[in-house]
Amino acid sequence: MVQRILAPFDESPQSNAALHHALSTFPNADIHVLHVTDPREWSSMNMDGGFYSQEMYDQAQESATALLEQAESIADEYGTTVTTAMRDGRAADAIVKYAEEHDVDHVVLGSHGRRGLSRFLLGSVAERVARRSPGSVTIIREKEPKHGD
């Protein structure tokens with residue numbers, strides 16, 4: 001049976017390292033790469049209680065598409081392909097839900113995402129995914145490796 005691996009992906013060095021780890025450690029797996037866009041990044045509060053910006057949402061989706069194309073390029077370096085997906089929502093919730101919906105066996109994610117540098121030991125997203133994931137979880141702390149090193 002082929003393992004199904006989920007590698008959440010953002011622009012952080014730890015996320016890149018996690019994807020490299022998944023590709024090198026599980027060369028025969030069905031690897032899914034997920035990018036989650038948090039609505040709090042493309043909407044903001046105003047005096048009336050809320051503000052939604054279609055332009056900011058469109059920019060977030062364009063950025064997500066570019067990131068997933070980058071993930072596909074990284075997979076190409078390993079001679080493989082990945083399944084990519086985008087979701088909107090809070091990162092940990094979206095990651096766990098995706099893992100449940102796609103019968104993911106194992107999640108490989110970075111210890112800190114793009115905003116995780118302020119966390120002391122473990123990013124809140126990684127911690128919540130580790131606690132709630134339906135399968136096993138590997139948390140990668142190091143920065144992005146060079147393929148072939």
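Please find, among V82, V96, V33, the residue that is more than 21 Å from E127 (Cα to Cα) and modelled with pLDDT of 95 or more.
Details: V96 fails: more than 21 Å from E127 (Cα to Cα); V33 fails: more than 21 Å from E127 (Cα to Cα).
Matching residue, one of V82, V96, V33: V82.
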Exercise for the section: Could you please let me know if H20 is at pLDDT 90 or above, of a type outside the set (K, R) and part of a strand (DSSP E or B)? Expected result: no
Handout entry: Out of L122, L68, sole residue that is at pLDDT below 95 and among the aliphatic types (A, V, I, L, M)
Key = L122
Fill in the blank from the handout: Reported set for the stretch 40-65 where residues are of a type outside the set (V, I, T) and modelled with pLDDT of 90 or more is E62, S63, A64
Fill in the blank from the handout: Selection from the stretch 8-35 of residues more than 9 Å from the chain's Cα centre (by Cα) and among the aromatic types (F, W, Y) yields F26
Practice task
Have a look at H102, H112 and point out the one that is surrounded by 14 or more Cβ atoms within 10 Å (Cβ to Cβ), touching a Lys or Arg at 6+ places or on another chain (Cβ under 8 Å) and at pLDDT below 90.
Solution key: H112
Practice task
From (1) surrounded by fewer than 14 Cβ atoms within 10 Å (Cβ to Cβ); (2) modelled with pLDDT under 95; (3) part of a helix (DSSP H, G or I), pick out the condition that doesn't hold for D76.
Solution key: (2)
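The values are calculated or read from the model by the stated rules, or taken from the named source; none is laboratory data. No experiment lies behind these values; they were computed from the predicted model shown. Cβ: placed from backbone, ideal geometry, glycine included. Neighbour counts: every protein chain shown.
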